[in-house]
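Below: the structure, in structure tokens.
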Amino acid sequence: MFFSKKQRLRAQEDERLIQLIEEHKRSLDSQQQLIRRSVEPSEDVLQRKKITDSLYSFLLREARARHATKDNRIK
């Protein structure tokens, strides 16, 4: 009762975090495919892949620290 708003906000942020992780995972996969298919990928493409990879890793660490899982989604 006292913490219901806090729990609801935490659940919403966990949901948003999971969505961001899924979005960055798709982006990272598509960039990796592009690099694999390229004969000589440009530096710009490689830099964007590194940035996306770093962001994805950060989001995963944040989800682990928050104990956010797909099972804890808002109903």
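Okay, here's what the table says:
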{"quantity": "Where a residue in region 48-75 is at pLDDT below 95 and its partner, wherever it lies, is among the charged types (D, E, K, R), with Cβ under 6 Å and at least six apart", "calculated": "68/14; 72/14; 73/15; 74/15"}
{"quantity": "Cβ pairs under 8 Å, 6+ apart, first in region 4-25 and at negative phi and of a type in the set (A, V, I, L, M), second surrounded by fewer than 11 Cβ atoms within 10 Å (Cβ to Cβ) and not in a helix (DSSP H, G or I)", "calculated": "11/74"}
{"quantity": "Output for region 30-62, where each listed residue is β-branched (Val, Ile, Thr) and in a loop (DSSP other than H, G, I, E, B)", "calculated": "39"}
{"quantity": "Residue 32 in contact (Cβ under 8 Å) with a residue 60 or more places away in the chain and surrounded by 11 or more Cβ atoms within 10 Å (Cβ to Cβ)", "calculated": "no"}
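The values are calculated or read from the model by the stated rules, or taken from the named source; none is laboratory data. This structure is a prediction, so every number in the text was calculated from the model and none was measured. Every residue, glycine among them, receives a Cβ derived from its backbone with ideal geometry; neighbour counts consider all protein chains shown.
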